[in-house]
Every structure is written in C-alpha cells, then in structure tokens.
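Engineer: Attaching a single structure in structure tokens format; questions to follow.
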Ligand code: HEC
C-alpha cells in the first residue's frame, strides 16, 4: 500500500516537472515584444539647424556681444568655433568634449537656452548628431 502511494506521489511530481518544462518552452518561443529604438541619423540641415533656428537665433546670430559671436546660423562657424572658455564648441564624435552639448545639459556651464532648456528628445538628438561626427548633410 505504501509503495502505491509513493509511486502515485512520484508520478504527480513527474507530471508537474513535465508541465513546468512545457511552460518554459512556451516562454522561449514567445517572440520578443520590445520594439527597437528608432534608427536616427541626425544631420545639421534636416534636424539640428531647425532646432537652433527656433531656440537660439534671437541671441546667437551675427557677431554681436555678449554671445562671443557664436552664430548658430552658420554650420562651419558652429563646428570650428572655440568658445570664450577655450573649448571646442563641437568636437565631432565626442559630445562630452563639446561645449555645445554641455551647454544644453547645463553640465558645468550656464544652461542654454537660458531659463528654457531644450526637450530631452532634442538634447539626445544633438548628442547623437555629435557622436555621428556632426555631419552637415546625409551621406548618400
Ligand atoms: C536669451 C538669449 C540666449 C539664447 C536664447 C541662447 N543663448 Fe547661448 N548664450 C547667451 C549668452 C548671453 C551667452 C554668453 C554668456 C555665457 O557664456 O553664458 C551665451 C553663450 C553660449 C555659448 C558659449 C559661446 C562661447 O563662445 O563661449 C554656447 C555654446 C551657447 N550659448 C549655445 C546656445 C545654444 C545652442 C542655444 C539654443 C539651443 C542658445 N545658446 C540659446 C544667450 C543666449
């Protein structure tokens, strides 16, 4: 009698393990529901310049002080400019070594635009642009 009970318990245990395994199998074949982040390749012309035109030009156009002549309407000026503090405004490939990016996050500098920071989406886009080498146009 005892043996029959034992084998019954063993059988139930075995069934539970088998059921558990098939559950795991179901989970493994379930496709990944996470959607990958959008593939963005920001360029000056398409993405960065419009943000600057909207948010920076009132103060950063032409060579008028006190903005040290940092003119956001001119691509070549933006990527070659050395800031008053002696930093590259843009170091292509290295956002954390670009005063432009540090200004947008306010990291160690007064944040730009003063009082109305850009959205985190715009800041991330400009970071991506610098990381990609700060291209003016999309490469064909
Ligand atoms: C309301 C006016 C105003 C707006 C808008 C503004 N800035 Fe400025 N910005 C200044 C002033 C004033 C300075 C100089 C004082 C300082 O260094 O904080 C400056 C300095 C800078 C510098 C350093 C320039 C250098 O040569 O040292 C950078 C880079 C900069 N701004 C980027 C931006 C960007 C990018 C935007 C737009 C996203 C922006 N600013 C919007 C007023 C403005």
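Throughout, read-outs are computed from the coordinates displayed, never taken from laboratory work. Note that the structure is predicted; figures quoted are calculated from it, not measured. Virtual Cβ from ideal backbone geometry, glycine too; neighbours counted across all protein chains shown.
Engineer: Which value results for Rg/Rh of segment 40-124 when Rg is the Cα radius of gyration and Rh the Kirkwood radius based on the inverse mean 1/r?
Structural biologist: 0.91
Engineer: Separation between the residue 121 and residue 77 pseudo-spin-labels, each 7 Å from Cα along Cα→Cβ, expressed in nm?
Structural biologist: Distance between label points: 2.9 nm.
Engineer: Turning to a different aspect of this structure: How far apart, in nanometres, would the label points at residue 132 and residue 4 be if each is projected 7 angstrom from Cα along the Cα-to-Cβ direction?
Structural biologist: Here the answer is 7.5 nm between the modelled labels.
Engineer: Mind giving me the nanometre distance, one decimal, between the label points for residue 67 and residue 111, set 7 Å out from Cα along Cα→Cβ?
Structural biologist: With each label placed 7 Å out from Cα toward Cβ, I get 1.9 nm.
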